[in-house]
Each structure stands twice: as structure tokens, then as C-alpha cells.
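Participant: My questions will all concern the structure given below.
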Amino acid sequence: MNTLTMKFLNKEGKNYSLRLPKVRTDISEAEVTALMEAIVTKNIFFEGGRELQSVESAAINREEEIIA
């Protein structure tokens, strides 16, 4: 299972991480960037100082099942 971890900076200057499990294996950098920018622009999570202000980074953690 692949998990996308997105890191943002909020208006208070604090980091905020959002994890999405089970992302596609072929997700592109452009798709991740567009998603993160939409999250910041649409302000769908917080209000006030906790509101997300900017995109910091993103990473995909790839997990493989080794024992079935």
C-alpha cells in the first residue's frame, strides 16, 4: 500500500501533515502539486491561524507485503 504524506505550513507558522493511504502507484509530481495547491487555495480544513498557508513538501511511502 502506498501512502502520500503532504506537509503544509499554517498561518501560525506551524507544520501540518496530511496522510492519504492507498494512493495510485503511478501518481505524478504534477498531480500531487495540484492537489496540495487546491487544498491550500480552497481552505477546506481550518479557519483562522490554523488555516493552511503554503505547501512545504510531499513524499510517498511505498509498502510491500513480504509475507502473504
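The values are calculated or read from the model by the stated rules, or taken from the named source; none is laboratory data. Given the structure is predicted, the values throughout are model-derived calculations rather than measurements. Don't worry about glycine lacking a Cβ; one is built from the backbone with ideal geometry, like all the others, and counts go over all protein chains shown. Heads up: the accessible areas ignore ligands, DNA and RNA and are worked out on the full protein's heavy atoms, side chains in. Shrake-Rupley method; radii C 1.70, N 1.55, O 1.52, S 1.80 Å.
Participant: How many percent of the accessible area of the chain is carbon or sulfur, using a 1.4 Å probe?
Facilitator: 49
Participant: Run through the range 15-68 and list the chymotrypsin sites (Phe, Trp or Tyr not before Pro) located in a DSSP loop whose Cβ has at most 15 other Cβ atoms within 10 Å.
Facilitator: Phe45, Phe46
Participant: Treat each spin label as a single point 7 Å out from the Cα along the C-beta direction, and report the Glu37 to Thr5 distance in nm.
Facilitator: 2.5
Participant: About the Cα centre of the chain, what is the dipole size in debye to 20, counting +1 per Lys and Arg Cβ and -1 per Asp and Glu Cβ, all else neutral?
Facilitator: I would put it at about 220 debye.
Participant: Between Leu18 and Ile44, with labels modelled 7 Å along Cα→Cβ, what's the label distance in nm to one decimal, could you check?
Facilitator: With each label point 7 Å from Cα toward Cβ, the separation is 0.6 nm.
Participant: At most 14 other Cβ atoms within 10 Å and a DSSP loop assignment: could you name the trypsin sites (Lys or Arg not before Pro) in the chain that fit?
Facilitator: Listed in order of number, the matching sites are Lys11, Lys14, Lys22, Arg24.
Participant: Explain nothing, just compute: Karplus ³J(HN,Hα) = 6.51 cos²θ - 1.76 cosθ + 1.60, θ = phi - 60°, for every residue of the range 12-26 in order, whole Hz, x for Gly and Pro.
Facilitator: 7, x, 9, 7, 9, 10, 10, 10, 10, x, 6, 6, 4, 6, 9
Participant: Taking a ≥ b ≥ c as the square roots of the eigenvalues of the Cα gyration tensor of the range 1-41, is the shape rounded (a/c under 1.5), prolate (a/b larger than b/c) or oblate?
Facilitator: oblate
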